[in-house]
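Note sheet for the following structure.
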Amino acid sequence: TVVAFNLGLAHELSGEKEAAVTHLSEAVELSLEQSNLNILPAALAHLAQVQLLGGQLRKAEATYRRALKLASERSGWPSPLAGLAEIGMGAICYEKNDLHEAQAYLRAGIDLVERWNHAEGLTAGYNALALLLQAQGEDARAIEVLEELIEILQKLQARVFLPAVEARRARLHIMQGELPAAEQWSASSNLTLDGELTFLQEAEALTFARLLIAQRRWEDAQRYIARLLDFAKAGGRGGRVLELSLLQALVWAGKAANAQAQETLLEVIEQARPEGYVRIFVDEGSPMAKLLLGLPESHRSEPYIQKLISAFTVNEMQPALSADAKDGLGEKLVEALSERELEILACLAEGLTNREIGQRLSISLPTVKTHTRNIYGKLRVNNRTRAVAQARAWGLLP
């Protein structure tokens, strides 16, 4: 079982997808036969990771769920390695833009892997948590989480994971518009436009590509992304191909080649729709929002594209909208709040507690909480402060 699992890992880390699937699947079957409750969830989690890189989002989710189900059924106290599957499910929920569920899975997974100071799990968990915090508008906390992870990995002498963390931090800096910090990372990395491409550095290379786009180095970005695309296609990593194709669309848009940009974007949408991708679009921010809004009405009115557009925040959408469109932004992008929800929203703006809201409106505390959750969902936020701010930005509150 150990040999099969390690063979699977070796092939996975070499970017050899088919061989990785073969040996990891063998490790799963042997673990089931031998009731190896440590390798079983770990092998399934790595199998799901290979599927995720291959662009099989739904299949990966099913594999992660199987890992958690078996870990729960076969042991009242799951192995810390089951945390890898919890973290993987968190990543899946994040991609589907279910941020509340993502946070619950990530916290549970991090709690598990912390028991063994499992560096791989801690890296995956904290990296995913940082991106989640960024999506929730907690920019400073997102960077802090990665700083904490760097300290942990240094104490564990697990420096092999540091480049991935530093690349994730650079990506957050790019998302936050802090280009000097990202450029400092780039200068200290060994990434160059014509350097050798390796599977283990592919995530770092994606960050470098995003930096080129942020710097508006369109020709360099186009050439570099083309190399990365060929490399990912050769390895059968469909998920990375989708991500790189979106970056390619942004480059076309940056070069004012709008027809090519829209054509590339629509191709990605066709591939992403069956799997339910959302954040892969949204995390590219305002430039991607502008691309989606620039699609012809016949495409823009499609339910999936409407779902993508509605996942962007107001700040991300505003640069892409005309003045007239901005006036109706709240009406267009948010599901209508009920009269009761608007009443509760006004109470939130006053700073009332849930109990005080219940007393004022003569409703029970659980009912207040239910309405509040619904408000958060419709406004696409995760706390009352952001709910009030979003509602004011959309003209729902004075």
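The values are calculated or read from the model by the stated rules, or taken from the named source; none is laboratory data. Worth saying up front: this structure is predicted, and the values here are computed from it rather than measured. When we count neighbours, we look across all protein chains shown, and the Cβ atoms used for this are built from the backbone with ideal geometry, even at glycine. For the accessible areas, the whole protein counts, side chains as well, though only heavy atoms, and no ligand, DNA or RNA atoms are used. Shrake-Rupley method; radii C 1.70, N 1.55, O 1.52, S 1.80 Å.
Taking the range 203-221 as the range and being assigned to a helix (DSSP H, G or I), surrounded by fewer than 19 Cβ atoms within 10 Å (Cβ to Cβ) and not aliphatic (A, V, I, L, M) as the test, the residues that pass are 218, 219, 220. A count restricted to the range 291-321 and to residues that are more than 17 Å from residue 136 (Cα to Cα), surrounded by 17 or more Cβ atoms within 10 Å (Cβ to Cβ) and modelled with pLDDT of 90 or more stands at 4. Can you say whether residue 159 is open to solvent by 20 Å² or more (accessible area, probe 1.4 Å), within 20 Å of residue 279 (Cα to Cα) and among the basic types (Lys, Arg), as far as the supplied structure shows? In short, no. Taken residue by residue, the range 164-182 has at least one member that is part of a helix (DSSP H, G or I), open to solvent by 60 Å² or more (accessible area, probe 1.4 Å) and more than 19 Å from residue 316 (Cα to Cα). Quick one: which residue in 62, 91, 67, 71 is surrounded by fewer than 20 Cβ atoms within 10 Å (Cβ to Cβ) and free of Cβ contacts under 8 Å to residues at least 40 places away in the same chain? Testing whether each residue is surrounded by fewer than 20 Cβ atoms within 10 Å (Cβ to Cβ) and free of Cβ contacts under 8 Å to residues at least 40 places away in the same chain leaves just 62.
Can you tell me which residue in the range 96-119 is farthest from the chain's Cα centre (by Cα), limited to those that are of a type in the set (D, E, K, R) and under 22 Å from residue 59 (Cβ atoms)? The selected residue is 101. Restricting attention to the range 322-339, the residues that are modelled with pLDDT under 70 and open to solvent by 60 Å² or more (accessible area, probe 1.4 Å) add up to 9. Looking at the structure I just gave you, is residue 105 aromatic (Phe, Trp, Tyr) and over 24 Å from residue 11 (Cα atoms)? Yes, satisfied.
Summed over the range 258-290, residues that are crowded, with 16+ Cβ neighbours inside 10 Å and either at pLDDT below 90 or assigned to a loop (DSSP other than H, G, I, E, B) (or both) total 5. I'd like to check something: does the range 70-81 contain any residue that is part of a helix (DSSP H, G or I) and in contact with a Lys or Arg (Cβ under 9 Å, 6 or more places away or on another chain)? Yes.
When residue 386 is tested against (1) open to solvent by less than 30 Å² (accessible area, probe 1.4 Å); (2) at pLDDT below 85; (3) in a helix (DSSP H, G or I), exactly one condition is not met: (1).
Taken together, the criteria exclude residue 193 from residues that are without any contact (Cβ under 8 Å) to a residue 40 or more places away in the chain, within 21 Å of the chain's Cα centre (by Cα) and open to solvent by less than 60 Å² (accessible area, probe 1.4 Å).
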